[in-house]
Amino acid sequence: MCRNNAGEQRVDGDHTENPAATHKHIWLGLLLILTLVHGLIYSLVIPPWQAPDEPGHFEYAWLIAHLGRLPTQQDLSPAFEQELLRSLYEWRYGEYIGRPLPEEMPARLDDLSSRIHVQRSRPIKADRFSLSYAWQAIWLLPVRSQDLTLQLRICRFSSVLLNVGIIWLALKTFLELLPSPRRYLAWAMAAVVALLPQHTFINSMVGDGPLAELMACLVLYCWARLFRRGITVWTVAGIMLGTVAGVWAKFAAAFLLPVNIFLALWWLVRQLRGSWSRRQAAYLGAGIVVMALALWGLTRLPSPLTPSRLIAAWNSLSPDRLLWVDVRGITFGNALLYTHDSFWANFGWMNVPVSTRWYGALLLLIGAAVLGWLLGAKERDAHPPWAAKMMWGSLLAALAAYVWEQLLTQSSGYYQYQGRYLFPAIIPFGFLLVGGWSRIIPSQQLKLVIGAAVLFLALFDGWCIVGYLLPLYST
């Protein structure tokens, strides 16, 4: 047995033990287990169908699993609709959303009032395919003949697994961005993402968001590795695969398109200032060609990214909508505040908010982070300068895409002020939140204050479950 001068590594025979690596693996395992259990709690506490558009997303996946192909509107199943309607009545769907179902159960979903969300939240009726439905259909195959509630629980479990992957990729990205002794900040960033109540809620339900977010995380992780370690075929492949699959899963991931262009040009300029090999140039050229072909194909396959949707959104955009007040009296400023609230916690079909005091406290945390980035000490940064620029560029692109697509181009009103559309940019959010705090907290108290902030978020998350969800859904 021998020990090196630093006392960090021990060799005994053919076995080498690195205590730091062992502790890292232990903490990683605990974080992923926490994420899994956390997601399962939300998936079990929330009754079936009490998540945005969950019945419609499930219907599309169910049709794929039973048909073995992509369905059309002609493939709508009256038998499925009858079973779904029975489940809606059984699980008090109308009571929980505050819009009672008819006393007599109708024969088809279209027979329900348009005020009932499930009647008009059906992607199959709009021919709006998401790659997420194929993922969920795979999990439905072994249980196609089982009770519908069990099938829904299995689909929810598939979302929980995607969320575990999201937290794993988020941590790996944060560790790439923080190659310094203060790597505990990376763990704090990952904890913030893992403990965000609305994030866990949405990613424990059946929807098209978790897969899109996972792919966005993959893209940002690959860019972090590329800037830190250099270009490889795997990072280029990850960026291309993540972008195409992310946009194919949900339009909210479309912010990756301008982000990729910006980061590719930035990386190219950095390389032109230095030296780069022919292999690197070949990787870049191949990546651009494949990405262009993939996006061309996406506009012609069933996906959220279609030319008609982009053109319609562009044509409906006008600057005066910043000053517009919709029929409910909601202004653009109100919509932004509601977006903030629902980003943190507004469960069910956006009908289970928490106290305004919680929202105020959380807004102060964001304000402190912004203040840190504007006025804080740069010398306290634990990351290279390019990391912050990459994260700010990604978050601002996601915010701009959200404001354009979900707020300014909605002719009927500010109905889409839902923070979940920003979850594909969860890595930049976690990085900039904790990174901003670290700029205004003295180094001597940094660990203590960051730990207290994470504990606060853990208490908030726990109170969302025991103080809001359990009392509502257990009665």
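Here are a few things to note about the model shown:
- One residue stands out in the stretch 84-96 among those that are out of contact with any Leu (no Cβ under 7 Å at 6 or more places or on another chain) and under 22 Å from N346 (Cα atoms): the one that is surrounded by the fewest Cβ atoms within 10 Å (Cβ to Cβ), namely E95.
- Condition check for M391 on (1) modelled with pLDDT of 95 or more; (2) touching a Lys or Arg at 6+ places or on another chain (Cβ under 9 Å): one failure, at (2).
- Scanning the stretch 97-111 for residues that are exposed (fewer than 15 other Cβ atoms within 10 Å of the Cβ), in contact with a Pro (Cβ under 9 Å, 6 or more places away or on another chain) and aliphatic (A, V, I, L, M) returns a single hit, A107.
- Residue in the stretch 356-365 that is more than 20 Å from the chain's Cα centre (by Cα), aliphatic (A, V, I, L, M) and under 30 Å from P48 (Cβ atoms) present: no
- Looking only at residues in the stretch 112-140 that are more than 30 Å from V244 (Cβ to Cβ) and surrounded by 14 or more Cβ atoms within 10 Å (Cβ to Cβ), the one that is farthest from the chain's Cα centre (by Cα) is L112.
- For beta carbons closer than 7 Å, sequence separation of 6+ or different chains, a first residue in the stretch 237-260 that is part of a helix (DSSP H, G or I) and a second that is among the charged types (D, E, K, R), the qualifying pairs are A249/D208; F251/E405.
- The selection criterion, being aliphatic (A, V, I, L, M), touching a residue at least 60 places away in the same chain (Cβ under 8 Å), buried (at least 17 other Cβ atoms within 10 Å of the Cβ) and outside any helix (DSSP H, G or I), does not hold for A61.
Every residue, every condition in (1) under 15 Å from V206 (Cβ atoms); (2) free of Cβ contacts under 8 Å to residues at least 40 places away in the same chain; (3) of a type outside the set (S, T, N, Q), yes or no:
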position: M105; (1), (2), (3): no, yes, yes
position: H117; (1), (2), (3): yes, no, yes
position: R122; (1), (2), (3): yes, no, yes
position: G165; (1), (2), (3): no, no, yes
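- Residue match in the stretch 450-460 (condition: closer than 27 Å to G98 by Cα, part of a helix (DSSP H, G or I) and over 19 Å from the mean Cα position of the chain (by Cα)): yes
The values are calculated or read from the model by the stated rules, or taken from the named source; none is laboratory data. The shown structure was predicted, so the numbers you read here are calculated from the model rather than taken from an experiment. Cβ coordinates were reconstructed from backbone atoms using ideal geometry, including for glycine residues, and neighbour counts include every protein chain displayed.
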